[in-house]
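So the structure is just underneath, and the comments pick up after that.
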Amino acid sequence: MFSLLAQAADQTQQQSPFGGFGLVVPAALFFVIFYFIVMRPQSKQQNEHKAFLDKLGKGDEVITAGGVVGKVDRVQGDLVFVEVASNVKLRVLKAQVSGPYKAPEAPAPAAAEEKKG
């Protein structure tokens, strides 16, 4: 009786279209999609940030991880001296420099007048 149940169970099971690699193919596909959506852009962004830190020099406007904005006075090893006001300089670790500071652009005066009228 048990042998009949075992044979019936074998006949009712369906074969995977991928054969013995049933879960390997979807897992590999998932990894490829994850690589192109998450890992590759993140590594590209890290490389760009590292290149920015390597090229950091006097006069560059930067923003730190703490939100302090200033101009680079000098770079000394892993320290960056950032001038935040006239004759006020902060020592900041190079790793804490978030990136270049880009001041927000003010709308052109002609565009502001058109909005009023």
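The values are calculated or read from the model by the stated rules, or taken from the named source; none is laboratory data. Note that the structure is a prediction, hence the values are computed from the model and not measured. Methodologically, a virtual Cβ is constructed for each residue, glycine included, from the backbone with ideal geometry; neighbour enumeration extends over all protein chains shown.
Each row is one residue, and each column tells you yes or no for (1) modelled with pLDDT of 90 or more; (2) out of contact with any His (no Cβ under 9 Å at 6 or more places or on another chain); (3) not in a loop (DSSP other than H, G, I, E, B); (4) not assigned by TED's automatic domain parsing to the domain that holds Ala95.
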position	(1), (2), (3), (4)
Ser3	no, yes, yes, yes
Ala6	no, yes, yes, yes
Gln14	no, yes, no, yes
Leu29	yes, yes, yes, yes
Phe34	yes, yes, yes, yes
Asn47	yes, yes, yes, yes
Val72	yes, yes, yes, no
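When Phe81 is tested against (1) part of a strand (DSSP E or B); (2) at pLDDT below 95, exactly one condition is not met: (2). In the range 74-89, the residues that are free of Cβ contacts under 8 Å to residues at least 12 places away in the same chain form Cβ pairs under 7 Å with partners that are part of a strand (DSSP E or B) and exposed (fewer than 12 other Cβ atoms within 10 Å of the Cβ), at six or more places apart or across chains, as follows: Phe81/Arg91.
Of all residues in the range 59-77, which are surrounded by fewer than 12 Cβ atoms within 10 Å (Cβ to Cβ) and over 17 Å from Gly99 (Cβ atoms)? Selection gives Gln76, Gly77. Of everything in the range 34-51, what is surrounded by 11 or more Cβ atoms within 10 Å (Cβ to Cβ) and under 15 Å from Leu93 (Cβ atoms)? Give them in sequence order. Hit for the range 34-51 is His49, nothing else.
Based on this model, can you work out whether Glu48 counts as in contact with a Lys or Arg (Cβ under 7 Å, 6 or more places away or on another chain) and not β-branched (Val, Ile, Thr)?
Details: in contact with a Lys or Arg (Cβ under 7 Å, 6 or more places away or on another chain): no; not β-branched (Val, Ile, Thr): yes.
No: the conditions fail for Glu48.
Restricting the range 71-95 to residues that are more than 18 Å from His49 (Cα to Cα) and among the small types (Gly, Ala, Ser) leaves a set whose member that is farthest from the chain's Cα centre (by Cα) is Ser86.
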